[in-house]
Amino acid sequence: MQAAKRSRISQMGIYTYAIIDSNSKISSSINGLGGAVVYNIPYRNIGIVVSESEHVQDIAQEHILKHEEVVEKLMEDFTVLPMRFHTLFNQEKDALLMMKEYCGDFRENLDRLRNKKEFGVRVIWPGDIKRNRIIDAYKKSNASAAMPDSSSVKSFVKEKFEEYKIDKEFEEEADKYIALIDNFFSRWACEKKIEKLKSENLLLNAFYLVEKEKEGDFKEAFERARDICICGDLKYLFSGPWPPYNFISLTKKTLHQRLSEADMFGRISPEQNLLNKGML
């Protein structure tokens, strides 16, 4: 019985949710993973919000949703730097070691991100159709041209050059759309991160950091963009407000090394990080 109890204790750790701009106790009752009480570990004038948690081998979607729920509740009262899902330390002192080493970085980010939230804008376009139109135009152009050179080398070079021109024309058309859309949304954002053509039909995956007083304007802008169909046959997907997952500036490589040196239970795999968000 005692051996089993010792085994259970050895599996317990400190699960981390976020860094916040307060060293005070969390006034509202928040339950984290496994129903554990969430609390703040203070360090100087900031804190790291945690709960006790067992090391879970099998990650379920409900764990990710609970992590996100806690972070969003914290966001109601604090400026937050969300920790990556399933980051654990053996003991509180390990978490405090990280806080001590990166307190300056955390404080700087908390000051910069105060009263700001993240919004996501994804734009779907018929990229496959547009690419096929470009290809068809090149085929017609080639059909009216002279017969191709019989040399296999020259034929190969010509084919590759045409592929390059098709890709270039496709990207240039995409860039025109992206510039118009981004210019429309950027006027309400203080920072942005743009990812273009993550797939052929995903034209734009953008993140905008918006000040609290401009949130309403940004939401209205999205509704207008969707209703009037800016740039034609596009589909707009909107998300937020979120904690500023994509706007935290830290020395990631060094921080990863520091967390690895601390006795962490958690390791992130692509399957576990389903939300594709996080600080580290």
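Applying the condition of being in contact (Cβ under 8 Å) with a residue 24 or more places away in the chain and not in a loop (DSSP other than H, G, I, E, B) to segment 32-44 and asking which residue is surrounded by the most Cβ atoms within 10 Å (Cβ to Cβ) yields Leu33.
Look at segment 211-225: where a residue is within 16 Å of Ile181 (Cα to Cα) and a partner is surrounded by fewer than 16 Cβ atoms within 10 Å (Cβ to Cβ), sitting 6+ places away or on another chain with Cβ atoms under 7 Å, you get Phe222/Phe238.
Assess whether Arg114 counts as being under 23 Å from the mean Cα position of the chain (by Cα) and loosely packed, with under 15 Cβ neighbours inside 10 Å.
On the way: under 23 Å from the mean Cα position of the chain (by Cα): yes; loosely packed, with under 15 Cβ neighbours inside 10 Å: yes.
It is true that Arg114 is under 23 Å from the mean Cα position of the chain (by Cα) and loosely packed, with under 15 Cβ neighbours inside 10 Å.
Assessment of segment 16-26 against the conditions (modelled with pLDDT of 90 or more, crowded, with 21+ Cβ neighbours inside 10 Å and small (Gly, Ala, Ser)) yields at least one matching residue. The set of residues in segment 124-140 being touching a helix residue (DSSP H, G or I) at 6+ places or on another chain (Cβ under 6 Å) and either under 30 Å from Lys212 (Cα atoms) or in contact (Cβ under 8 Å) with a residue 40 or more places away in the chain (or both) consists of Arg131 alone.
The values are calculated or read from the model by the stated rules, or taken from the named source; none is laboratory data. Computed from a predicted structure; not experimentally measured. Cβ sites come from the backbone with ideal geometry, for glycine too, and all protein chains shown count toward neighbours.
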